[in-house]
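The values are calculated or read from the model by the stated rules, or taken from the named source; none is laboratory data. No experiment lies behind these values; they were computed from the predicted model shown. Neighbour counts are summed over all protein chains in view; Cβ atoms, including those assigned to glycine, are modelled from backbone coordinates with ideal geometry.
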Amino acid sequence: MDKTRRTILKLAGASALGLGTGSLGLLGKGIASAAPTPPTAANYNSPLHAKRWAMVIDTKKFDDALLQKCVKACHTIHNVPDIPTRQNIKWLFTGDYEETFPTEHNHFVAEKVEHRKFLMLCNHCTEPPCVRVCPTKATFKREDGLVMMDYHRCIGCRYCMAGCPYGARSFNFMDPRPYIKEQNPLFPTRTRGVVEKCTFCVERLAQGLMPACVEAADGAIFFGDLEDPGSEVRKALRENFAIRRKPDAGTQPGVYYII
Amino acid sequence: MYHAKYIIPALLVFLAVVTFPFWAKGKAVYRVELKLPANQTECIEDTETMRTSHMQILDHWRDKVVREGERVYTNAKGVKYSMSLTNTCMSCHSDKEKFCDKCHNSVGVAPYCWNCHLTTPKGGK
């Protein structure tokens, strides 16, 4: 039973990936310019499920162009504004080795690693401190490991931002709409006074699609079920040495970096 | 009573004005004219249900989608819909000003759904 289910999921994942690469051109141009078709009930017939979603980023395969392609794919689809001040909003962002792994205290790091740029996003931790500190339960952890935001409940206290060791959360100091260049009409924007972050593309997983950055990365990001030994992420972790950001924070992040 | 000739008529006038809404019944029924979708005849539930409890339905949808991850709504007739304000409701009710706002303005409520949710899934605005 379990085995057949697993193969079906694998097939679903593979076909979703195939679909994704087919529509990459569309992604690049921005969804807003293409005529969007709103998803109907039929689109949610074959959602992707996992016991614990996780991501493995193969940092060796990334150059500046690919980093920007992933960020753009994410931010266009999710109506993330680009505000030219320190009050900018970020779901998916980049940083160098020291910014990404501040607790890796090695001296004389290999040059190619030291100067490499890394993608950063919400780590969807197993023990998310943001969820602990949220006074309204606006941010919560789903059974499949996704740390979600309920903007309807968010009161903008920003405790979660203080709690997050990864800087993955942004606060809307102002109405973000004027700063959204290409609006994806199928996805809501946020409003002034709420905190937002990466959602591991929960709305795409529900439609059987892989996250936008995974699609845009052309195989440089693996995504799958950490509890399934046959999954893409477990395979990548078996074959490569990977580290996580700030493991000593004890949050058990769900994003792994192949160095 | 001093000045009774002034006070009593004034009291009567005052009472008449205060009770005016109770005895003066207008002939016209208060109506709000809505612009209904041209290409659809049926909403997700019947008109009466939508009129009285669309807000509860949307509230329920929000909790289902955001908190429980369920995204498909099955109505009384068994037809399935995606639970989405923009992608389902506003697909048909594409003119917010001539549909949503008409009643909301008339009864003096200001729901802030559209601060985040876009008014049409077709782009623009």
Selection over the stretch A:192-226 where residues are away from chain B (no Cβ under 12 Å), more than 14 Å from the chain's Cα centre (by Cα) and among the charged types (D, E, K, R) yields a count of 2
- If we scan the stretch B:106-115, do we find a residue that is under 21 Å from A:GLN207 (Cβ atoms) and touching an Asp or Glu at 6+ places or on another chain (Cβ under 9 Å)? no
Quick count over the stretch B:92-125, residues being within 10 Å of chain A (Cβ to nearest Cβ) and in a helix (DSSP H, G or I), is 3
Counted residues in the stretch B:35-69 being out of contact with any Ser or Thr (no Cβ under 8 Å at 6 or more places or on another chain), of a type outside the set (Lys, Arg) and within 12 Å of chain A (Cβ to nearest Cβ) come to 6
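Yes or no: B:GLY78 free of Cβ contacts under 8 Å to residues at least 24 places away in the same chain, surrounded by 13 or more Cβ atoms within 10 Å (Cβ to Cβ), within 14 Å of another protein chain (Cβ to nearest Cβ) and at positive phi?
Details: free of Cβ contacts under 8 Å to residues at least 24 places away in the same chain: yes; surrounded by 13 or more Cβ atoms within 10 Å (Cβ to Cβ): no; within 14 Å of another protein chain (Cβ to nearest Cβ): yes; at positive phi: yes.
In short, no.
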Within the stretch A:29-46, of all residues that are within 10 Å of A:PRO185 (Cα to Cα) and modelled with pLDDT of 75 or more, the one farthest from the other protein chains (Cβ to nearest Cβ) is A:THR37
Residue pairs within 6 Å by beta carbon, gap of at least six or interchain, first lying in the stretch A:167-182 and touching a residue at least 40 places away in the same chain (Cβ under 8 Å), second surrounded by fewer than 21 Cβ atoms within 10 Å (Cβ to Cβ) and part of a helix (DSSP H, G or I), listed first then second, are A:ARG169/A:MET161; A:GLU182/A:ALA32
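Kindly check whether there is at least one residue in the stretch B:88-104 that is aliphatic (A, V, I, L, M) and at pLDDT below 95. Let's see the steps before the verdict.
Narrowing the stretch B:88-104 to residues aliphatic (A, V, I, L, M): B:90.
Among the residues that remain, those that are also at pLDDT below 95 are: B:90.
For the stretch B:88-104, residues aliphatic (A, V, I, L, M) and at pLDDT below 95: present.
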Flagged in the stretch A:163-186 as aliphatic (A, V, I, L, M) and within 13 Å of another protein chain (Cβ to nearest Cβ), in numbering order, are A:MET174, A:ILE180, A:LEU186
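Across the stretch A:45-60, which residue is farthest from A:GLU114 (Cα to Cα) among those that are of a type in the set (Gly, Ala, Ser) and under 16 Å from the mean Cα position of the chain (by Cα)? Walk me through how you get there before you give the answer.
Going residue by residue through the stretch A:45-60, those that are of a type in the set (Gly, Ala, Ser) are A:46, A:50, A:54.
When the remaining residues are screened for being under 16 Å from the mean Cα position of the chain (by Cα), the result is A:50, A:54.
Working: A:ALA50: 34, A:ALA54: 25 Å.
By that ranking, first place goes to A:ALA50.
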Conditions (1) within 14 Å of chain B (Cβ to nearest Cβ); (2) without any contact (Cβ under 8 Å) to a residue 24 or more places away in the chain; (3) assigned to a loop (DSSP other than H, G, I, E, B) -> A:THR189 fails only (2)
Considering the stretch A:151-170, residues that are more than 20 Å from A:THR94 (Cβ to Cβ) and in contact with a strand residue (DSSP E or B) (Cβ under 8 Å, 6 or more places away or on another chain), and then whichever is surrounded by the most Cβ atoms within 10 Å (Cβ to Cβ), we arrive at A:CYS160
